[in-house]
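Reviewing the structure listed below.
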Amino acid sequence: FLTLDVALQEQTQAAFEQVTQEVLADECPDGHCHGAVVLLDVRSGAIRALYSYPNFDPRPLVFEAEAPDWDAELERITLYWQDLISDTDAPLVDRATNGLYPPGSTFKAFTTAAMLETGLATPDTVILCPEHYTVTGHVIVNAVENLAGLMEKQNLTEDLQWSCNTAFAQMGLILGA
């Protein structure tokens, strides 16, 4: 059964748009970044909100049987479909369910849990989020430039909220194999 919450879905879309327009404006030339948000109920696994951008309006793909000219109606739908499949922004790709992403950020929840469970950190432990961090010759960078400048406390909670790659590299070293 459907577990989406319409109000939460609308809030998710508004929050995504706000972040891309205000926080990531330099990263997104038209004021919109490609991406997705999925909100899950951790107790049940229910999907409460699911948002992907860019997206498309499926209503123009519906054939109106009452249309006075069925050939014109079919042409309208065909033109809209052709626009969708040729769009270089790929609005037909649901980035929340079908996007291809490196698995690193999904592992950050496990790393955070391990830091907390082992007592190596609390939610307020400061783990800095530098622009670059080098581990065995490999330079790790954050997805967003000047991420540390956007964070207020640079603690474990914010490192997870902002998905700070360089902070999680440090945590991995703290935790060890």
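The values are calculated or read from the model by the stated rules, or taken from the named source; none is laboratory data. These figures come from a predicted structure and were not determined experimentally. No Cβ is skipped: glycine too gets one built from the backbone with ideal geometry, and neighbour counts run over all protein chains shown. Accessible surface is based on the protein model in full, side chains and every heavy atom, while ligands, DNA and RNA are left aside. Shrake-Rupley method; radii C 1.70, N 1.55, O 1.52, S 1.80 Å.
Assorted remarks:
- Residue among 132, 150, 110 farthest towards the positive dipole end of the chain, charges placed on Cβ: 110
- Candidate values (i) 19.3; (ii) 16.5; (iii) 18.4, label of the one derived for Kirkwood radius over Cα pairs in Å: (i)
- Diffusion coefficient, µm² s⁻¹, Stokes-Einstein with Kirkwood Rh over alpha-carbon pairs of the range 36-120 at 37 °C and 0.692 mPa s: 198
- Average Cα contact separation per residue, the chain, under 8 Å, 6 or more apart, as relative contact order %: 15
- The distance separating the Cα centre of the range 111-148 from that of the range 56-101 comes to 42 Å.
- Per atom type, the chain shows carbon and sulfur on 59% of its accessible surface, probed at 1.4 Å.
- Accessible area of the range 72-174 divided out per residue, in Å², using a probe of 1.4 angstrom: 63
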